Amino acid sequence: MLVLTRRAGQRIRIGEDVTVVVVGIDGAGQVRLGIEAPRSTQVLREELYQALAGENLRAAAASDPGQILGGGAVTGMTSPASAPAVPDSSR
């Protein structure tokens, strides 16, 4: 894991087309980030990503219980990155 220190207003580039901007930091240590990315790049908070992954596992198990592997992974699972967009008011 790469760990960086940034101040409000500073940016981090990820690849050629994603920029993360530190919008602000409040007194409680909460950091506000802005993410500039192409519309084709799905950006999700971790908790939403995990919820979508869990829903995909349940849906796959319900449609074909034989698909579940010992490790809990599902063959052919739709990754959250290609899952239908879920409205996210914090984006």
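Okay, here's what the table says:
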item	result
J(HN,Hα) series, the range 6-15, from Karplus relation 6.51 cos²θ - 1.76 cosθ + 1.60, nearest Hz, glycine and proline x	9, 9, 3, x, 7, 10, 10, 9, 10, x
Label-point gap, in nm, between Leu33 and Asp17 - each point 7 angstrom along Cα→Cβ	1.9
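A short reminder: the numbers here are calculations on the coordinates, not readings from a lab. Not measured: the values here are computed from a predicted model. Note that we place each Cβ from the backbone using ideal geometry, even for glycine, and neighbour counts take in every protein chain shown.
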